[in-house]
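Novice: My questions all concern the structure below.
The values are calculated or read from the model by the stated rules, or taken from the named source; none is laboratory data. Values in this document were obtained by computation on a predicted structure and should not be read as measured data. With ideal geometry, Cβ positions are generated from the backbone for all residues, glycine too; neighbour counts draw on all protein chains shown. Calculation scope for accessible area: heavy atoms of the full protein, side chains included, ligands and nucleic acids excluded. Shrake-Rupley method; radii C 1.70, N 1.55, O 1.52, S 1.80 Å.
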Amino acid sequence: MTTKHVGLYPGTFDPITKGHIDIITRGCRVLDKLVIAVAKNDRKGPLFNTQERVDMVLHDIAPLREQGHEIEVLPFDNLLVHFAREVGASIIIRGLRAVSDFEYEFQMTGMNARLDAEIETVFLMASEKQQFISSRFVKEIGYLGGDIASFVSPETKIKLEKKFKLMRDNKI
């Protein structure tokens, strides 16, 4: 009997980018099931509310689900290791873009290991085409009128443009 490998990929996904999709796709190759954990984390001041971010992730991963990958998308607002236990995950997937990501992720991995030594963290290096993409940069470029089409899906781009228009019109 084999053990089902369930992984957890946490993030704010504000918005989900092609870099996130790259990590999700690669995570699906090594896991039997992937749970994408959308952090509520209002302290970060997300552009989109939690449900909007969950919906964007669900839309962008639909092709992977259609290919037969078992992926679930859930919001969370508790300790990551507690949430991992709730969903039956024994692996946390984290993407790394640069050395600067590693220092933060290294510290988080150490803390998570102290909280629950049974949960492993696996790092996936961003593919060379996605290494420089971050949600923060996408929002900044988009808000200032730059072309973000190569960083996000067409639907996410439309949602971002609507938010930016509301922001510029001082309606949010």
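Novice: Is it the case that THR50 is hydroxyl-bearing (Ser, Thr, Tyr) and out of contact with any Leu (no Cβ under 9 Å at 6 or more places or on another chain)?
Specialist: Answer is yes for this residue.
Novice: Looking at ARG114, ARG94, can you tell me which residue is in a helix (DSSP H, G or I) and either more than 28 Å from LYS162 (Cα to Cα) or at pLDDT 95 or above (or both)?
Specialist: Result: ARG114 is the single residue among ARG114, ARG94 that is in a helix (DSSP H, G or I) and either more than 28 Å from LYS162 (Cα to Cα) or at pLDDT 95 or above (or both).
Novice: For the stretch 136-172, name all the residues that are in a helix (DSSP H, G or I), of a type outside the set (D, E, K, R), over 18 Å from the mean Cα position of the chain (by Cα) and surrounded by fewer than 18 Cβ atoms within 10 Å (Cβ to Cβ). Let's see the steps before the verdict.
Specialist: Pass one, the stretch 136-172, residues in a helix (DSSP H, G or I): 136-143, 154-168.
Filter again for of a type outside the set (D, E, K, R), leaving 137-138, 141-143, 154, 156, 158, 160, 164, 166-167.
Keeping just the survivors that are over 18 Å from the mean Cα position of the chain (by Cα) gives 141-143, 158, 164, 166-167.
Within the stretch 136-172, ILE141, TYR143, ILE158, LEU166, MET167 qualify.
Novice: So, one more: Report, by residue number, each residue of the stretch 45-71 that is open to solvent by less than 50 Å² (accessible area, probe 1.4 Å), in a helix (DSSP H, G or I) and in contact (Cβ under 8 Å) with a residue 60 or more places away in the chain.
Specialist: Within the stretch 45-71, MET56, ASP60 qualify.
Novice: I would also like to ask the following. Would a scan of the stretch 72-79 turn up a residue that is buried (at least 16 other Cβ atoms within 10 Å of the Cβ), more than 14 Å from the chain's Cα centre (by Cα) and in contact (Cβ under 8 Å) with a residue 24 or more places away in the chain?
Specialist: no
Novice: For THR109, all conditions in the list (1) open to solvent by less than 80 Å² (accessible area, probe 1.4 Å); (2) more than 26 Å from LYS139 (Cβ to Cβ); (3) modelled with pLDDT of 95 or more hold save one; what is the number of the exception?
Specialist: Only one criterion is unmet by THR109, namely (3).
Novice: Take the stretch 1-37 and flag every residue that is in a strand (DSSP E or B) and either touching a residue at least 40 places away in the same chain (Cβ under 8 Å) or closer than 13 Å to ARG65 by Cα (or both). Spell out the reasoning first.
Specialist: Here is the first cut: in the stretch 1-37, the residues in a strand (DSSP E or B) are 6-11, 33-37.
Result: VAL6, GLY7, LEU8, TYR9, PRO10, LYS33, LEU34, VAL35, ILE36, ALA37.
Novice: Mind checking which residues of the stretch 9-30 are over 23 Å from TYR143 (Cβ atoms) and open to solvent by 20 Å² or more (accessible area, probe 1.4 Å)? Before you say what the answer is, go through the steps one by one.
Specialist: Just the residues of the stretch 9-30 that are over 23 Å from TYR143 (Cβ atoms), to begin with: 9-10, 22-30.
Result: ASP22, THR25, ARG26, ARG29, VAL30.
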